[in-house]
Amino acid sequence: MVTAFAAALLGLVQAGEPLAGGQALLLMRVTGTLLGSAAAFALVDAMSADLGAASVPRWIRQSLRCALAGGVAVAVWLGAFAYVLSRLPDGTLFPVAELLTEMAVCLGIALAAAATAVRYATGRQAAMAAVIVQLGLVLATILLPQQMRLWPPACGFGYWDEAHLFWLAMLPLPYAWLALACRDLRR
């Protein structure tokens, strides 16, 4: 459903016209955040409360769910990125590495928050808790002062390089959190 929404969003914004660089950045960031939120729902195991001990350790099951949902989210995002690139005017600066790093951090936060939430709650409310954590962190970073802005409105604008060095430095943190949250419940 998120994939369909993202496709509609990308297709309807200035349909038939080239996209401005700032609009393309915003669309890719919204798409990445939404795909991260959607991936969080893959960690909810509706049958976990009904089943006894599983023959496969929890960390393997959760890691597989993360890899599958995360892989789909990244694949969809890359497809959206290719579509956005095709709509940009020739010569527009649009860096894939920096945007992919932003998306990877958002995805990692959503998956880590979901992996933590499913330890304490069952069902979709656990995934919704993860979505709230992810969107709360995104909103908090949007409200930072301009010299600390992590979502520069255009490539190369203001503190673009510093913001993306920060994103790169933060990239391992949600995945370390995810690794801790996916471990077995009992040690």
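The values are calculated or read from the model by the stated rules, or taken from the named source; none is laboratory data. Every value quoted in this text rests on a predicted model; they were computed, and no experiment measured them. Here the Cβ is made from the backbone with ideal geometry for all residues, glycine too, and neighbour counts use every protein chain on show. Ligands, DNA and RNA are excluded from the accessible area calculation, which covers all protein heavy atoms including side chains. Shrake-Rupley method; radii C 1.70, N 1.55, O 1.52, S 1.80 Å.
Observations, loosely collected:
- In the chain, the longest principal axis of the Cα atoms and the axis of helix 58-87 are about 10 degrees apart.
- Cα lying deepest toward the dipole's positive end in the chain, options 182, 9, 110, charges on Cβ: 182
- Rounded to the nearest 0.05, the FRET efficiency derived from the C-beta distance between residue 12 and residue 184 at R0 = 45 Å is 0.50.
- The modelled label-to-label distance between residue 86 and residue 120, using points 7 Å beyond Cα along the C-beta direction, is 4.5 nm.
- Pairwise Cα distances in the chain exceed 25 Å for 38 percent of all pairs.
- Fraction of accessible area attributable to carbon and sulfur, the stretch 11-101 (%, probe 1.4 Å): 69
- Translational diffusion coefficient (Stokes-Einstein; Kirkwood radius from C-alpha pairs) of the stretch 1-94 at 37 °C, 0.692 mPa s, in µm²/s: 217
- A simple rule links phi to the HN-Hα coupling: the Karplus curve 6.51 cos²θ - 1.76 cosθ + 1.60 with θ = phi - 60°, which for the stretch 143-159 gives 8, 5, x, 4, 6, 10, 4, 9, 10, x, x, 8, 4, x, 6, x, 9 Hz, with x for Gly and Pro.
- Counting only protein heavy atoms and a 1.4 Å probe, the stretch 37-133 has 49 square angstrom of accessible area per residue.
- Ordered by 1.4 Å accessible area with all protein chains kept, 120, 159 run largest first as 120, 159.
- Ellipticity estimate at 222 nm from DSSP helix runs (n ≥ 4, -39,500 (n - 2.57)) divided over the chain, nearest 500: -23000 deg cm²/dmol
- P(r) histogram, all alpha-carbon pairs of the stretch 82-187 included - 10 Å bins from 0, percent: 14, 36, 30, 16, 4, 0
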